[in-house]
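**Student:** Structure incoming, see below.
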Amino acid sequence: MIFGGLCLLFIFAKKASTRKVNLMSVSNVLALVLGGGRGTRLYPLTRDRSKPAVPLAGKYRIIDVPLSNCINSGVQRIYVMTQFNSVSLHRHIRRTYRFDAFSGGYVEILAAQQTNEAMAWYQGTADAVRQHIKLLQDSDIKQVLVLSGDQLYRMNYADLLATHEANNADVTIAGIPVSDNVSSAFGIMRFNSTGRVEGFLEKPKSAAELELVRTDPAWIEQAGIQAEGRSLMASMGIYLFDRDCLLDLLLKTDYQDFGKEVFPAAIRAKHVQLHPFDGYWEDIGTIGSYYQCNIDLASSKPPFELATPHAPIYSRARFLPPSRVDGASVRGSLISDGCTIGAGAVIENSVIGLRCQIGENVVIKNSVVLGNDYYETPERIEVDLSQNVPPLGIGDGTIIEKAIIDKNVRIGSHVKIVNEFGLAELPEDAPFTIRDGVVVVPKNAILHNGWKLTDKAS
C-alpha cells in the first residue's frame, strides 16, 4: 500500500540516477520513440488520447517509461513521433521533460505534418521515420535507437549498445525468452550460436512453425538467463541501428513498418545481432494487458518495482496535497496524490489515481480508477446536485469490481459496477464497455444514483 507519491526533480544536465553508464558511449545515440498509432485495442481509453498518453499506475503516463529508460541510460537526444489524439501527450511532454540548457539534451515532438516531400500522414512506423530523415543526417549521430511508446520495462540502453559494438553489428534487437503458449502474440527470432539473427517468424501458430525458430535452452542459460521452460526468443520491438544502415534501409525502399518489413529486410542484407534481455516486460496493447499490468503493480510483491533509486520512472511534478484517508480499509493498492477516501471505504488490489474523491462505504476491488484532472469547487458541486448531476468522484455506497474507471467520471451513490453476468465484450458505443472481460467506464461518463451494470448495453 503506497500513499501519496514523491515529487521527482528533473535535473537533466547531469545523470539523475546513480547508475554507472558510459556517457561517452551513448553520446552519439539518437532515440526515436514511436507514439503515433491509433491504439484501437485500448479503446475507449484511447478515445480522447493517444496510447502513450494513457495513465499508468495512478500517476504516470505510459510514455514516461521509454523516456525514463533513455534518461537513466544517458541517452539525452530524444524525439517522440506523434499523430493521433496527440494533444494531451504533447502537453505532458512539454510540461515534464525540460533539460538544462548546457546539457545539449532534449525531448522534442515530431508531429505528423505535410511537407514538400511528404503530403500524407504517417503510413507506418518506418514511414514516420522516413518523413523526418533529415534529422538523422547530423554528422555526430552514429546510432539510432527505435523504441515503442507503449511498453513497461526497465533497460539500460548502454548495455544494448555494448552488445551492438562488441559484435560489430549493423542492427541490434532486444529479445526476451517466451514459452510456447504465448508465442503466437510475438515475432520469434532464429539465430546462430553467436547470437546473429538469421530468421524471423511473425506470430507463429503451428507446432511446425515453432520448431523452425526454437532456441536451445542451453544457449539461453549461457546468456545468463534462467530458461525455465522458455525456448523461443521474441522480439521486444527495441532496435538499435547504425545510422548509415537505417538510412540505407529507408531511402532505398518504401517499407512502412519496422517489425513487419524493415527488420526482416535487415536480416537478409545486414548483420543483425540479438541482445538477450530477462526482466519484466509488458506490451500494453490491449485493455486486458493494461488492466493486468496495473493490478500487478499494485500487488504486495510487484513484478516491476516502481521505486528503484538507480533507475526511477519520471513524470510531471504536481503540487497536490497528500491523500486523506478517514477510517477506510486499504490493502494491496496504490493511492496517488490529492485523494480523499471516506469512512468505511474498502479498497483492495486496486490503483487509485490523482485527485480521486471517494465517498463513504465505497467498495473498490481489483480495479483501476484513473482519477480526475481537477477539483470541483463547493459552489460547482451545489450546482451539479441541483441539476441531478453527481459531483466528480465516486458516491457513497458504490461497489466497483474488476473495472477501469477513466478520468473525470461522475458516479452517484449506491452504483454497482460489477460484471455479474460474465460478459466478455460489449459494443464500443455503449454507455460503458466490456473488453477482455473488464468493465471500462469511459472518460467524462455520468452514472446516476442507483445505476447498475446489466446484461445489456444500457
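The values are calculated or read from the model by the stated rules, or taken from the named source; none is laboratory data. Given the structure is predicted, the values throughout are model-derived calculations rather than measurements. Methodologically, a virtual Cβ is constructed for each residue, glycine included, from the backbone with ideal geometry; neighbour enumeration extends over all protein chains shown.
**Student:** Could you please find all residues in region 34-54 being touching a Gly at 6+ places or on another chain (Cβ under 7 Å) and surrounded by fewer than 24 Cβ atoms within 10 Å (Cβ to Cβ)?
**Tutor:** Passing the criteria: Arg41, Thr46.
**Student:** Tell me which residues, restricted to region 292-314, are modelled with pLDDT of 95 or more and polar (S, T, N, Q).
**Tutor:** Within region 292-314, Gln292, Asn294 qualify.
**Student:** Looking at region 275-293, I want the residues that are farther than 19 Å from Leu240 by Cβ and have a partner that is of a type in the set (Phe, Trp, Tyr) and buried (at least 20 other Cβ atoms within 10 Å of the Cβ) with Cβ atoms under 7 Å, at least 6 apart or on another chain. Which pairs are those?
**Tutor:** Ile284/Tyr290
**Student:** Then there is this: From the list Ala343, Ala403, Ala328, which residue is surrounded by 18 or more Cβ atoms within 10 Å (Cβ to Cβ), over 25 Å from the mean Cα position of the chain (by Cα) and not assigned by TED's automatic domain parsing to the domain that holds Ala57?
**Tutor:** Only one candidate qualifies: Ala328.
**Student:** Return yes or no: is Ile141 surrounded by fewer than 16 Cβ atoms within 10 Å (Cβ to Cβ), over 18 Å from Ala234 (Cβ atoms) and touching a residue at least 24 places away in the same chain (Cβ under 8 Å)?
**Tutor:** No; evaluated as a whole, the condition is false for this residue.
**Student:** What about Ser336, is it of a type in the set (S, T, N, Q), at pLDDT 95 or above, assigned by TED's automatic domain parsing to the domain that holds Val439 and surrounded by 20 or more Cβ atoms within 10 Å (Cβ to Cβ)?
**Tutor:** yes
**Student:** For residues that are part of a loop (DSSP other than H, G, I, E, B) and surrounded by fewer than 24 Cβ atoms within 10 Å (Cβ to Cβ), scanning just region 119-136, find the one that is modelled with the lowest pLDDT.
**Tutor:** Checked region 119-136; the qualifying residue modelled with the lowest pLDDT is Met119.
**Student:** Taking the stated definitions as given, is His275 closer than 17 Å to Met155 by Cβ and over 20 Å from the mean Cα position of the chain (by Cα)?
**Tutor:** Against the criterion (closer than 17 Å to Met155 by Cβ and over 20 Å from the mean Cα position of the chain (by Cα)), His275 qualifies.
Yes/no matrix, rows are residues, columns are (1) modelled with pLDDT of 95 or more; (2) over 19 Å from Glu282 (Cα atoms); (3) of a type in the set (Phe, Trp, Tyr); (4) more than 20 Å from the chain's Cα centre (by Cα):
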| position | (1), (2), (3), (4) |
| --- | --- |
| Asp138 | no, yes, no, yes |
| Val144 | yes, yes, no, yes |
| Ala162 | yes, yes, no, yes |
| Asp170 | yes, yes, no, yes |
| Ala174 | yes, no, no, no |
| Gly195 | yes, yes, no, yes |
| Phe200 | no, yes, yes, yes |
| Lys203 | no, no, no, yes |
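**Student:** Let me ask another. Output the number of residues of region 65-85 satisfying the condition of being under 15 Å from the mean Cα position of the chain (by Cα) and surrounded by fewer than 22 Cβ atoms within 10 Å (Cβ to Cβ).
**Tutor:** Number satisfying all stated conditions: 1.
**Student:** Related question: Which pairs do you get when a residue that is touching a residue at least 40 places away in the same chain (Cβ under 8 Å), found in region 241-257, comes within reach of a residue that is crowded, with 17+ Cβ neighbours inside 10 Å and among the acidic types (Asp, Glu), reach meaning Cβ atoms under 6 angstrom, with the pair 6+ apart or on two chains?
**Tutor:** Asp242/Asp170; Cys245/Asp170; Tyr255/Glu261; Gln256/Asp127
**Student:** Filter region 276-297 down to the residues that are of a type outside the set (S, T, N, Q), touching a strand residue (DSSP E or B) at 6+ places or on another chain (Cβ under 8 Å) and not in a helix (DSSP H, G or I) and list them by number.
**Tutor:** Within region 276-297, Pro276, Phe277, Asp278, Gly279, Tyr280, Trp281, Glu282, Asp283, Ile284 qualify.
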